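Just so it is clear, none of the values below were taken in a lab; they were calculated from the coordinates. In this text the structure is predicted, and so the values were computed from the model without any measurement. Cβ placement follows ideal geometry from the backbone for every residue including glycine, while neighbour counts extend to all protein chains displayed.
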């Protein structure tokens, strides 16, 4: 029982985290949009970088990217909250039922992992050269976020027995 409760608590913790991130991006829209703008404009990477041709200069596309990020964070939160509640409602049931109740959580955790790893680490960090920026570099926090989510995903996905 304790392992099941730990899994539920960890999924709820990720749901809470994703909720706070989405809430912060919505309520402090301009500040966080500035981050997206600088990453996509590539205006703070090394001056002689040969990858500057990848920059996106359209403000409309900046808004679209940012809205997609917020929607993805919100979806991660929703899926994880549903997953935590489904798991909690099946915590005392046989292992087969509890294992089936993990699907929403696994989907939310996977979506969150993909958001922070693909959008922030791969696209932002590598494609847009965010790693080159002294002032607009979110790679360390993205790494911390997706590794935490990955750890929870691995733990939750482990089958439970009776």
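List 109, 115, 41 from most exposed to least, where exposure is judged by having the fewest other Cβ atoms within 10 Å.
By the 10 Å Cβ count, ascending, the order reads 41, 115, 109.
Need the C-alpha centroid separation for the stretch 62-102 versus the stretch 104-126, integer Å.
About 14 Å separates the Cα centre of the stretch 62-102 from the one of the stretch 104-126.
Exposure proxy check: 160, 145, 43 ranked by fewest other beta carbons within 10 Å?
Lowest count first: 43, 160, 145.
Given the DSSP H assignment, sum -39500 (n - 2.57) over each helix run of at least 4 residues in the chain and divide by its residue total; what's the result at 222 nm in deg cm²/dmol, nearest 500?
-22500 deg cm²/dmol
Please report 158, 1, 87 as a ranked list, fewest other C-beta atoms within 10 angstrom at the top and most at the bottom.
1, 158, 87
Under 10 Å, Cα contacts only: if you run a Gaussian network model on the chain, which one of 142, 15, 55 comes out with the highest mean-square fluctuation?
55
Based on the alpha-carbon gyration tensor of the stretch 42-162 and its eigenvalue square roots a ≥ b ≥ c, which shape applies: rounded if a/c is under 1.5, prolate if not and a/b is larger than b/c, or oblate?
prolate
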